[in-house]
1. Using just the C-alpha positions of segment 213-369 as equal point scatterers, what log10 of I(q)/I(0) does the Debye formula give at each q in 0.08 1/Å?
2. For segment 370-411, I need the span (max minus min coordinate) of the C-alpha atoms along each principal axis, in Å, sorted largest to smallest.
3. Over the Cα atoms of segment 340-430, compute the convex hull volume and normalise it per residue, giving Å³.
4. Taking Cα atoms of the chain, Rg/Rh with Kirkwood Rh, to two decimals?
5. For segment 421-570, what does the alpha-carbon gyration tensor say about shape, rounded, prolate or oblate, given a ≥ b ≥ c as the root eigenvalues, a/c under 1.5 as rounded, and a/b over b/c as prolate?
6. Which semi-axes, in whole Å and largest first, does the equivalent ellipsoid of segment 1-94 have when worked out from the alpha carbon gyration tensor as the square roots of 5 times its eigenvalues?
7. How big is segment 469-511 by Rg and Dmax over its Cα atoms, in Å?
8. What shape does segment 327-369 have by the C-alpha gyration tensor, where a ≥ b ≥ c are the square roots of the eigenvalues, rounded means a/c under 1.5, and otherwise prolate means a/b greater than b/c and oblate the rest?
Amino acid sequence: MAFKNKTLCVWDADSEPENFGNALIYQWNGYIKSDAIHSIPLYIELNSNRLRAKYLAFIHDLGESRIGNKSLIEHLVLEDEFSYWWMTLFVEKSVYKSPITDVIRMLALDEIINQHKPSRIQLVSNNKILNRTLCDLCRSLDIIYEWKHLPSKKPLNFKSAYMLLPSGILSLISLARYTFFRWPLRSIKKTVWLKRENSVFFCSQFSNINPSSFSSGKFTSDLWGGLPNLLNSKNIHVNWLHFLVSPDSSPKPKVAIDYLKRFNQSGKDKEIHSFLEASISGRIVIRVLKRWIRLCFISWRLRGVKNQFYPQKSKLSLWPLLEKDWKSSMYGQVAINNLLWVELFDAFMSKVQTQRVGLYLCENQSWERSLIHAWRKYGHGRLIAVPHSTVRYWDLRHYLDARTITQAGAYKIPKADLIALNGNAAVNEYVSAGFPEELIVDTEALRYEHLNKFRAEHSIRKEKGDIIKVLILGDYMASATIELLQLLEKATHYISATMTYTIKSHPNFIVNKDDFPLLRLEVTMDPLEEILHNYDISYSSNMTSAAVDAYFSGLPSIVILDKIGLNFSPLRGQNNVYFVSAPDKLAELLQSIHRGVFNNSPYNNFFFLDPTLSRWQRLISSSLNISDEKI
C-alpha cells in the first residue's frame, strides 16, 4: 500500500536517522524499529524464506541465461561435460567472499519500493556501489533519486592499494606466489595408496590438527574426530589427501613436509598422508595459464552478460553489486585459484589407485567441484560430502535452487553421491530448502564429539542463586566482540538485579577488561566444557560457534543481532535462544530468563551424538560392502 508522503529514505549511516519530515525511513543496518523508522534487516527476517529462495532462483537463472545460442553454463565448459560455471563465486555463494548480505538487502528493498511506490527516494550513505545500484533502479522505475554522500571512513592502506591493481596483474601475481610457496612440496615422494579393497579416502585442508599430533607424530584432526581411529581399529586403511589453505597460513611447506613424514611413519600400514600440491609442475602452471587466457577471451566475448543480472519479474540490476565477483571469477585471482584446483586434482586422481569410498570436508567451495569432477572422470567409487560444522540458515553455500539440484544431462552440477549431515538441525535445513532426502545420510557430529560430556553435566547443574552469572562468549572478529560488550554496557543502565560478567575471549581477539569498566569483567581462558555449568546465562555474538556449546550445556542463550549483517547464528530457530539488538530488551531478558526451567534436552534435535559412532559404522560398512560386525 502506498504511503501519504511519497518520499522513501534509505538510511545507511552510523548515526541515528534524522528527521525527514513525513518521509518513510528504512535503515540499511540494524534491527531496531519504531513508528517512524523501519528496518531492512528485520524485514528480511520476517520474509526470509521468500528472499532466500529468490536469490537462489536468481543464481540458477543466471547460469541458464541464453547469450547467443548457448547458456552461460555451456559457454564455460572446460572439458568432459564439466562447466567452469560451477566453480564461480556465484555458485559458491559465500558471505565471506561475496556481497551476499547487500544483495539480499537490495532484494528486500526492491520489494519495499514495489509495495509503497514512492515518487522520490533518498539515500544517506558513503557506499558508492549501493548508490549506483539504487540509482539504476530508480531510473528504471521513473523515480526521483537523491544521494546524500557521506565521507568514506576507510583509510587507504597497502592492502587496499594493492587490490586496486588490474585484475590481470593480480592474477599473475597470485599464480607466482602460489607456485613459489607450494613448489617445495614436490620433494615429497610419490604416493603409494594403501589396500583399496579395504580402505577409505579422506580429503580436507591441512588445518585444525590437534596440537598433540605435532609432538606424538600421530595425526589427529579436530574436524574428523574419532572416525579415523575407529577405522584403524577395525583394520580399515585410511588414505589422506591434504592441501594447504593459503600461502600466508600455517604451517609453512617445509614444516608441513616434516609433519607429513612423521604422520606417515607413525601410521605405518594403517594410514598414508599426501599433499595435493605435491603434484605441482611446470606443465600444470602452463596449462593454468592457457586456460586462464581462454577464460579472459570468453569473458570478453560475454561482455554483455551484465544484462542478465536481473531477478525474475524485477527491474533491479544486481550487476553493480556482483560485477567484482564476475571479474574475479573469470579473469581475477579466483579464476587462477580455481584453475589450479582443476589441474592439481586431475593430476593427482589420475595416478592413484582406484578408491572405493571417499569422504571430503564439505563447505561447498570451488575446490570440491574439481575433486568431484576428477573423482568421476577417473572411475573412483562412492563419494560422500561431510559438512563438519553447523548448517546456518543464511550460509547460502549449503543451498541450491531445486532446479539446479535435479537437473540432468550434460553440464549438470558435480555433486557427491551422498551428503552426511550431523544432526536433525542440519537435516531440517537441507530438506526445507528442497534438497532430496534420499541423498542425505545421518552421521554423528565428529567435530562436536566433546558435547557428549554435557549429557552428564546437564543433570548436575548447580542450583541458581541470587546473583545472576553471565558468561560472555567472544567472537573471532574484534568488531563483533566490541559491539557485543558495548550493547551490554548500555543495558546495565536498565538492570537492577545483581549480576557478574565473565568473558571467554576468542584467541583471535583477547579482550582488555579495563576497556569496559561498567561491566567489571572477569576473564577466563578455561575450556568451555569445564566452566559452562558454573553460569546461569550465555551471551554471545551472532556468528560464534561457541554458542552451540553453551546451548548444549542447557544454558538459556542470548545472541546479539549483528547490526551490519544477517542473522548468521547457528542457533537461529532453536528453543531457549533469544535474539536481541536493543539494550533495554537485553536487560529485560537477562533479568527474567535465568529464573525459567529449561530441561528440554537439545541432544535429540540438533546434533547426532554417539561415542560409538554407530551411524558412521553403518555408512562405512555399506559403502565398503562389508558386514557391520567387521566395523
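1. Debye curve over Cα of segment 213-369, log10 I(q)/I(0) at q = 0.08 Å⁻¹: -0.36.
2. The principal-axis extents, from largest down, are 35, 25, 15 Å.
3. Taking only Cα atoms, segment 340-430 has a hull volume of 105 Å³ per residue.
4. Dividing the radius of gyration by the Kirkwood radius yields 0.97.
5. prolate
6. 41, 14, 12
7. Gyration radius and largest Cα-Cα distance of segment 469-511: 11.0, 33 Å.
8. Oblate shape, in that a/c is at least 1.5 and b/c is the bigger or equal ratio.
The values are calculated or read from the model by the stated rules, or taken from the named source; none is laboratory data. Keep in mind it's a predicted model, so treat the numbers as computed, not measured. Note that each Cβ is placed from the backbone with ideal geometry, even for glycine, and that neighbours are counted across all protein chains shown. All accessible areas refer to the heavy atoms of the entire protein, side chains included, with ligands and DNA or RNA removed. Shrake-Rupley method; radii C 1.70, N 1.55, O 1.52, S 1.80 Å.
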